[in-house]
Structure formats: structure tokens, C-alpha cells
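Down below is the structure, laid out as C-alpha cells.
The values are calculated or read from the model by the stated rules, or taken from the named source; none is laboratory data. Treat the numbers as computed from the prediction; the structure is a model and nothing was measured. When we count neighbours, we look across all protein chains shown, and the Cβ atoms used for this are built from the backbone with ideal geometry, even at glycine. Accessible surface areas use protein heavy atoms only, side chains included; no ligands, DNA or RNA. Shrake-Rupley method; radii C 1.70, N 1.55, O 1.52, S 1.80 Å.
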Amino acid sequence: MKKNLKLQSFITIGMLSSISFLLMLFNFPIPPFPAFLEVDFSDMPALIAAITMGPVAGILVELFKNVLDWLFSGTPTGVPVGHIANFATGILFILPVTFVFNRFKTMTGLVSGLVLGTVTMAIGMSFLNYVLILPMYTYFLGMEPVVGDSLSTMIVAGILPFNLVKGVLITFIMAFLFTTMRKWVDQQRAMYLSK
């Protein structure tokens, strides 16, 4: 029985990773944010994996979708900087949601987790872009590094509000999905997370 459940969890993670990868292809910019910042809804399958099967399942979905996208789409820098950023964004978003939802297991708990996840993602990615992601992009693209006030302005006026908007969009969609999938979510949690 335990062996069958393990196999089923691998299949489910693989399926959710594939859906996440496909959703990643349907990305779009949101004016007036910089064009390189694009919204996609690929974190939602990872979030579903995390709240039904545990945080490790969500992390694996985030990892596999980025590896698939890197293999199929490539990257302009030759190095998967954008995929590393996407992976970090996903982790910063889904982990707070998972921990809060596991504590309260209600719609209020989910929405509270989504709000916390949005704030964590926005602040965390602002910091990571400042110290790591944007310097890596400019280095690998052979561009002049963005530093000082220009970098701070890009973070505060672009990356921070963009991630807040992205988080709000995902929160609304996930809250709607949860109301329609609540019974299924509870069944999956009972199967995978029962001790």
C-alpha cells in the first residue's frame, strides 16, 4: 500500500510539473512594468502539490517545470538565470502558503497564507534581484551593470510592485479554485499527509 502511494505521488508530481510547464509558456507582461517581467500561472500546480502532498512536492514541481522550460525554451544568456529566478520566486511564494494552510486548513488560512506568500515573494525577490539575479543577467548578457540609484529604482518601481500584483492575481484565482476543489483537496491531504 505504501509503495503504491509513493508511486502515485511520483506520477502526480510529474503530471503537475507538466501542467506547470505548459502554463509557463503562456506568460505575458503587465504594463507599465518592464517587459522582461512576465506573469504566468505556473506556480498554481506547485501550490496544489504543496498543500495536498507537502512542501517537498511543491518544490519538486517548481524544479521540474523550470528544468523542462530550460530544456525546451533555452535562455538568452546561455545560463538559466531566469529559471533560477523563477524557481526562487515559486519557493518564496508556495512555502509560506503551505505552512499557514497546514496550520489552519480553512479558506481563511489559505487566503492568509497567499497574502503572506505574496509579501514574502515580493520582498525576497527584491532582495535576490538586487544582490544576485540582475547582476547575473547583466554579466552573462555582456551589458553594463545596473548599479546604485538605477538598480534601487528598478527594484522599488518595477520588481517589488510587479511581484505584489502577480501574487494578488494568483491569490484570487487560487481562492476561486479552492472553493471548487475543496473536497478533492481534503481527500488528497487525507491520503498523502495522514500519519
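Pick out which of 144, 38, 62 has the largest mean-square fluctuation in a Gaussian network model of the chain, springs linking Cα atoms closer than 10 Å. Its mean-square fluctuation being the largest, the pick is 144. In the full protein context, the chain carries 53 Å² of accessible surface per residue, based on a 1.4 Å probe and ignoring ligands, DNA and RNA. Listed values for region 142-159 are Karplus-derived 3J(HN,Hα) couplings in whole Hz (6.51 cos²θ - 1.76 cosθ + 1.60, θ = phi - 60°), namely x, 9, 5, x, 8, 9, x, 5, 4, 5, 4, 5, 4, 5, 6, 8, x, 5, and x replaces Gly and Pro. Taking each DSSP H run with n ≥ 4 as -39500 (n - 2.57) and averaging over every residue of the chain yields -25500 deg cm²/dmol at 222 nm. For the chain, complete DSSP H runs whose alpha carbons reach 18 Å or more along their own long axis and whose mean Kyte-Doolittle score is 0.5 or higher are 2-25, 55-73, 81-104, 107-128, 160-192.
Top mean-square fluctuation among 93, 72, 127, Gaussian network model of the chain, C-alpha springs under 10 Å? So, out of 93, 72, 127, the one fluctuating most is 72. Calculate the length of the line joining the C-alpha centroid of region 131-181 to that of region 54-101, in whole Å. Region 131-181 and region 54-101 have Cα centres spaced 14 Å from each other.
For residue 143 and residue 6, the difference between the fully extended length at 0.36 nm per residue and the C-alpha to C-alpha distance is 44.7 nm.
On the beta carbon distance between residue 132 and residue 165, with R0 = 22 Å, the FRET formula returns roughly 0.50. Normalised by the number of residues in the chain, the average gap of Cα pairs under 8 Å and 6 or more apart makes the relative contact order 21 percent. Simple point charges give the picture: +1 on the Cβ of Lys and Arg, -1 on the Cβ of Asp and Glu, and for the chain a dipole about the Cα centre of about 1140 debye.
In region 14-80, the alpha-carbon atoms span a convex hull of 89 Å³ per residue. Only protein heavy atoms count here; on that basis, with a 1.4 Å probe, residue 7 has an accessible area of about 100 Å². Only Cα pairs within less than 10 Å get springs; with that Gaussian network setup on the chain, which residue of 161, 55, 32 has the largest fluctuation? Its mean-square fluctuation being the largest, the pick is 32.
Spin-label model, residue 194 to residue 28: label points 7 Å out along the Cα-to-beta-carbon direction sit 4.2 nm apart.
Among 6, 166, what's the order by accessible area (1.4 angstrom probe), most exposed first?
Order by accessible area, largest first: 6, 166.
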